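Here's the structure we're looking at; comments come further down.
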Amino acid sequence: MKVLFVYYVPSGGVETLNRQRCRALRLAGIESHCLYYSWGSGMQNPADFPIYVTRNDIEIKHILDSCGFNCIVVTTDHASFPRFRMLGYQGKMLLEIQGYGPRSVAQAQLTQAIPYVNAYADGLLNPNTPHISALFRDLYPNKPQFNFNNCFDGTEFTYRPSGIHASPIIAWLGRIEDNKNWREFLYIGHQLKDHVPDLQLWMFEDNQLSIPSEREQFHALIAELGLSDRLTIRANVPNAQMPYYYSIIGDSGGFLCSTSKVEGAPYAVLEAMSCRCPVLTTDSDGVSTSVYHNETGKFYVLGNIQHAVQEGLELMRNPGLREHIRTRAKNHVHESFNPHLYAMNFASMLQAIGL
């Protein structure tokens, strides 16, 4: 069985997902390839499966003809379905949604996709994201729908003892864009430093995927809040190095702060949890399968800076609760996002659509 995963650019959570699942699916005898339309920072991450980067129809047709894929899984780009048919592909096709950002955008995009899905798609896939699952049910009542967690190899991407950092660190990971809500992280850090004088802020970003005007506002707010002396920005860190950073953050007494307004199934949260780095997050919908309040992480109310500071301080000052969360979180990743479980669910999905 051969599957092709298609997405716009190898970056962020989808690139991580594709690396994880292309390896996991071998457990079910499934050979996986990836096609991206343009180059992205994720290409620096090592891969042991075929990756193609092109939007040229002749090159894509050659890939399709030479590889003989049984199924194409298209992430987000529903308009590509007729293109693949035009290029001669006759196999099964699935539309996968890993997240669109705001719910309004998800509804608009999935409504726009109706004629494409009804004409070409053999099914719909999402990683148990509640608002996406609800839209699938409402808009596509007659299409097969598959909802199961993404996979994560917590044995490879795991905690690495690093020694205690001199100062507690709170970290943020994402793109400098509105939905990732970087402003809220800076405001939380600004208020939290009044309670934790030696607090350090680390931000991890893909600096190739931001809007120039947003980046200008980002630097202006850093200056306005006086955070330059305690803020470290790291761009395009190879994924293989991130366990080192998450472990340092966790051992420092700090945490990962996820401020997103809406998420599909954020990999940064799973990565941190696997490395014993506690997570404080908004209830951004897609985190509902990974974070359970005061069990595997902590929630705060989106937009409520004081609540975030309150929850963050408890995470930093209550060693019993902190250790409970760190241990439960790591175990949860191993149990609920296991690559073997993903391979089994994926194989069952292919069987259900006639493969």
Residue in segment 230-250 that is buried (at least 17 other Cβ atoms within 10 Å of the Cβ) and polar (S, T, N, Q) present:
yes
Do you know which residues across segment 296-330 are within 25 Å of residue 130 (Cβ to Cβ) and open to solvent by 70 Å² or more (accessible area, probe 1.4 Å)?
301, 302, 328
Evaluation of residue 180 against (1) in contact with a strand residue (DSSP E or B) (Cβ under 7 Å, 6 or more places away or on another chain); (2) assigned by the TED database to the domain that holds residue 247; (3) outside any loop (DSSP other than H, G, I, E, B); (4) open to solvent by 10 Å² or more (accessible area, probe 1.4 Å) (one fails), failing number
(3)
Scanning segment 254-289 for residues that are open to solvent by less than 10 Å² (accessible area, probe 1.4 Å), hydroxyl-bearing (Ser, Thr, Tyr) and within 14 Å of residue 170 (Cβ to Cβ) gives 259, 281
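Picking from 348, 284, which residue would you name as being outside the structural domain of residue 188 (by the TED database) and without any contact (Cβ under 8 Å) to a residue 40 or more places away in the chain? Before the answer, list the steps.
On the way: 284 fails: outside the structural domain of residue 188 (by the TED database).
Checking each option against the conditions leaves just 348.
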How many residues are assigned to a loop (DSSP other than H, G, I, E, B), at pLDDT 95 or above and open to solvent by 50 Å² or more (accessible area, probe 1.4 Å) if we restrict to segment 10-49?
1
I'd like to know if segment 84-99 contains one or more residues that are open to solvent by less than 50 Å² (accessible area, probe 1.4 Å), part of a helix (DSSP H, G or I) and of a type in the set (S, T, N, Q).
no
For segment 319-355, the count of residues that are more than 17 Å from residue 274 (Cα to Cα) and assigned to a loop (DSSP other than H, G, I, E, B) equals 3
As an exercise: evaluate residue 295 against (1) in a helix (DSSP H, G or I); (2) touching a residue at least 12 places away in the same chain (Cβ under 8 Å) and give the number of the one condition it does not meet.
(1)
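Might you let me know whether segment 112-120 holds any residue that is in a helix (DSSP H, G or I), within 28 Å of residue 341 (Cβ to Cβ), at pLDDT 95 or above and open to solvent by less than 20 Å² (accessible area, probe 1.4 Å)? Break it down stepwise before answering.
Of all residues in segment 112-120, those in a helix (DSSP H, G or I) come to 112, 114-120.
In the following step, the residues that additionally are within 28 Å of residue 341 (Cβ to Cβ) were identified as 117.
Restricting the remaining residues to those that are at pLDDT 95 or above gives 117.
Remaining after also requiring open to solvent by less than 20 Å² (accessible area, probe 1.4 Å): 117.
The answer is yes; a qualifying residue exists.
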Lone qualifier among 123, 163, 189 - being among the small types (Gly, Ala, Ser), crowded, with 19+ Cβ neighbours inside 10 Å and more than 28 Å from residue 24 (Cβ to Cβ):
189
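The values are calculated or read from the model by the stated rules, or taken from the named source; none is laboratory data. Owing to the predicted nature of the structure, the values given are computational and were not obtained by experimental measurement. Ideal geometry is used to build each Cβ from the backbone, glycine not excepted, and the neighbour counts take in all protein chains shown. The protein model used for the area step is the full one, side chains on, heavy atoms only, and it has no ligands, DNA or RNA in it. Shrake-Rupley method; radii C 1.70, N 1.55, O 1.52, S 1.80 Å.
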